[in-house]
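The values are calculated or read from the model by the stated rules, or taken from the named source; none is laboratory data. Note that the coordinates shown come from a computational prediction; the quantities given were computed from them, not determined experimentally. Here the Cβ positions follow ideal geometry from the backbone for every residue, glycine too, while neighbour counts run over all protein chains shown.
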Amino acid sequence: MTVMEWPAVAAGFTPAEPGAVMAGNRVAAVTEAARSAGVRVGLRRREAQARCPELQVVPADEARDAREFEPVLAAITELCPRLEVLSPGCCTFPTRGPSRYFGGDRRLALRVKETVEATLGGRATVRVGVADDRFTARVAADSAEKLSPNYFQAGEGVVVIPAGGSADWLANLPVSTLAIEASVPEDLVDLFRRLGLVTLGLVAAQPAGQVLARFGFEGALAHRLASGLDDRPAHLSVPTVDTVVELAFETPVERAEAAGFAAGALAAQLEERLSARGLSCTLLLVVAETEHEERSERRWRLGVGPMKASVAERVRWQLDGWLNGPAAARPSAGVTLLRLVAEEVSPAGGSQLQLWNQPSAAPQRVVRAIARLEGLFGPDAVTVPEWRGGRQPGLQAVRVPAATVDLADQPATPARTRSGEGGQTPPWPGMLPPPSPTVVFPAGDRALVEVLDERGERLRVDGRSGPATPATVAIDGRRRKVAGWAGPWPLVERWWDPDRRCRQARLQVLLEGGDAHLLVLETGRWWLAGVYD
Amino acid sequence: MEAMQAIRATDGLDGHKLMSMAGLTSAAELEAANADLDVAGPLHPLLPEGVAPGSTVVVGGSVALALALVASLAGVERWVAGVGCGPVGLVAGRELGLGWDRLVLVEPPDRESWPTAVAATLDAFDIVMMRPLGRARERDIRRLMTRARERATVLVGVETAGHCGAGWPGADVRLRVTGRHWEGLGEGHGYLRRRRVVVEASGRGRLAQGRRLELWLPGTGGAVESITSPVATTSPVSSDGTGMEERAVS
């Protein structure tokens, strides 16, 4: 099935309007009116406008072509469910089943033609070709008017090549016909012509093996096409389904529970639509909008089982975090629109769990809980540790937001790079040996401590004074005697970097009562960096 | 799901309760969820019967003990959530055997929201380690313990000094470090090398009479080690520096 001059139709021209679609300063498609004025595909813009001064010119847009073709495909799907789109404006489908149903290839072809023309509101010329192979059918559809062999009645725009007649029908066509197949290079067509193989019949008459030896795979492909054989088995797409459902609320919904309830009904509707096609949704996009056009979007991966309850729960979580979140992020009005988009679908029943399966790497429940907590407290509140290496206990481990880590992708065995256990951890000279402190305070969150020596003076560490001897340490105002200590060990890191430089001295102290602490001297004061609790 | 329904039909189990257990979809998960969690490694003599899923363990007196317990309960398979464990040393946790690959940390923004955070993690994780921000309310603790029992999740509460507010009424297992003695640190030389602790376990059932275990927590290298040769002294708590100097390493 071919819609003639599809780009022009997709651009919204009616046949009576002189219009052209330009690609790179050349005419790519023209309307009927423009054609009768002498505008042809391949002309320069200036030439085209000279021939037809009232010509309306629109730039080419492949996305538009494809988008506008969707309703056409949907209409054809009603007649023939298994489609293959060759390019926007052109698609093929196997006819055996539908033909039997509609009473023959010819009836089916006419039916398709009528349906498509009706869908396009009569704006386009539609041609349908039926043949044993895709190439012949396409040539037949394209050339329905130009050629007048015995097999079609002029004017209906439908050509039916009888079974087994493809090669005969193609035999008299010029070799340049091959050029409509994108996989046949133009050079090759030109070469055939120069070699005297001016018709497809002459090409097909050559021994296949020698064509392959002389012209390679492209030559073999051209030979197959010219012989009326298919270049590949049909690749049929799963029928397109409308995967979007939405619901507009007349009165804005303020409570997440209410929205979740509505979402459950919406999900049931989507599930019904999908399961009618034997599909199930594996990735769902939930969009909520308020009156003031604030949006909350989140993708949820869905497991097996009925969608209704699980979607309702997820929408509730998502909106709970959004509607009751921190004031800055909270929307200014209630939710007025809820949209569910099935972003990924898979054949239903394809995800059967094993009865005695091993627990998976990241169970759905964990991923869901993380998403829920992120919704409640923001993405930074949920973290996973990652090994970075360093000399200070607080810097060896960093916490990265769990949202940025693919937990589901982790292997089941615990040899991993995230934990730094997989490879050898490089040595960090100057690092305190294990055991590490079990409580570590980050640099901005340390308490000031007072460290006094035997004379009751503040303990100083510098190159000139003698060994430092801490005698008492006061933490939170509680003064305790030092039972043992080691250090101070100086540490100078990144002196070249004004922002991240670090110059400190570390001291392990054991206080009376058995508490051990890690103290750090930085900017002339002692801080509590960690506790060996 | 079919497996679950089958069990419900044949065994006469309370199917609705089964279904409500966090995300169980197959019989294997059900089996895993119902098995007691073994306490492996040096802590084994303390809890040889393991910890039943859904029970609450309160650890007092030492963060290292909490980390070691969670590590031995978790093994390599179970997912661990740490709620409010902001300042807990992750490197120390790793040295004690707590893997990072199945560890997720949640920091509730304020003390009002931490029960919500714990409840949400109880639904999904196998072990939840929580450290109440500030003073925990007894009502919240009770509710969370009930929820843990429903969801067959082990709840490990970490009591830190100064935050022992609620006291965790009705906890199944209580572990407490009662004596500690660091080795390796001298007067200006050596470093903190290992610590000898006395851990006391109490709780319900067989734990009612209490147990006592001496351990290196942490031992040399940071991991928990059992003490192979029993030492005569029963009070290893020492605050004076005299005993330490002999063992100090320089």
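Within segment A:159-176, restricting attention to residues that are surrounded by fewer than 21 Cβ atoms within 10 Å (Cβ to Cβ) and touching a helix residue (DSSP H, G or I) at 6+ places or on another chain (Cβ under 7 Å), the residue that is nearest to A:Ser143 (Cα to Cα) is A:Leu173.
Can you name the residue in segment A:51-76 that is outside any helix (DSSP H, G or I) and among the β-branched types (Val, Ile, Thr) and is also surrounded by the most Cβ atoms within 10 Å (Cβ to Cβ) among such residues?
From segment A:51-76, those outside any helix (DSSP H, G or I) are A:52-61; that's our starting set.
The next check asks that each one be among the β-branched types (Val, Ile, Thr); those that pass are A:57-58.
Values: A:Val57: 15, A:Val58: 18.
Here the residue is A:Val58.
With respect to (1) among the aliphatic types (A, V, I, L, M); (2) surrounded by 15 or more Cβ atoms within 10 Å (Cβ to Cβ); (3) free of Cβ contacts under 8 Å to residues at least 24 places away in the same chain, the lone exception for A:Val85 is condition (3). Could you please let me know if A:Leu86 is of a type in the set (A, V, I, L, M, F, W, C), modelled with pLDDT under 80 and not in a helix (DSSP H, G or I)? Judged against the criteria, A:Leu86 is a match.
For residues in segment A:460-476 being within 12 Å of chain B (Cβ to nearest Cβ) and surrounded by 12 or more Cβ atoms within 10 Å (Cβ to Cβ), which is farthest from A:Asp515 (Cα to Cα)? Break it down stepwise before answering.
Step one: list which residues in segment A:460-476 are within 12 Å of chain B (Cβ to nearest Cβ), which gives A:466-471, A:475-476.
Remaining after also requiring surrounded by 12 or more Cβ atoms within 10 Å (Cβ to Cβ): A:468-471, A:475.
On the way: A:Ala468: 20, A:Thr469: 18, A:Pro470: 15, A:Ala471: 15, A:Ile475: 12 Å.
Applying the filter and picking the extreme gives A:Ala468.
The set of residues in segment B:170-201 being within 7 Å of chain A (Cβ to nearest Cβ), on the phi < 0 side of the Ramachandran plot and not in a strand (DSSP E or B) consists of B:Gly186, B:His189. Of everything listed in (1) surrounded by 23 or more Cβ atoms within 10 Å (Cβ to Cβ); (2) more than 19 Å from A:Ala75 (Cα to Cα); (3) modelled with pLDDT of 80 or more, the single unmet condition for A:Gly129 is (2). When the test is whether a residue is touching a strand residue (DSSP E or B) at 6+ places or on another chain (Cβ under 7 Å) and outside any helix (DSSP H, G or I), A:Gly129 passes it.
Checked against the criterion of being at pLDDT below 85, out of contact with any helix residue (DSSP H, G or I) (no Cβ under 7 Å at 6 or more places or on another chain) and in the same structural domain as B:Ala152 (by TED's automatic domain parsing), segment B:63-74 contains not a single residue that satisfies it.
It is to be established whether one or more residues within segment B:181-202 are within 15 Å of B:His44 (Cα to Cα) and polar (S, T, N, Q).
Step one: of segment B:181-202, the residues within 15 Å of B:His44 (Cα to Cα) are B:198-202.
From the residues that got through so far, the ones that are polar (S, T, N, Q) too are B:202.
Yes, that holds for at least one residue.
Of the residues A:Ala403, A:Ala483, the single one that is at pLDDT below 70 and either outside any loop (DSSP other than H, G, I, E, B) or not hydroxyl-bearing (Ser, Thr, Tyr) (or both) is A:Ala403.
Counting residues that are at the interface with chain A (Cβ under 9 Å from one of its Cβ atoms) and buried (at least 21 other Cβ atoms within 10 Å of the Cβ), which strands (runs of 3 or more DSSP E) fully inside segment B:67-149 reach at least 1? Full working, then the answer.
Working: elements: B:80-83, B:103-106, B:127-130.
Strands (runs of 3 or more DSSP E) meeting the threshold: B:80-83, B:103-106.
Each residue in segment B:160-197 was checked for being at pLDDT below 85 and of a type in the set (A, V, I, L, M, F, W, C), and 6 pass. A single member of A:Leu373, A:Leu338 is buried (at least 17 other Cβ atoms within 10 Å of the Cβ), more than 7 Å from chain B (Cβ to nearest Cβ), at pLDDT 80 or above and touching a helix residue (DSSP H, G or I) at 6+ places or on another chain (Cβ under 8 Å), and it is A:Leu338.
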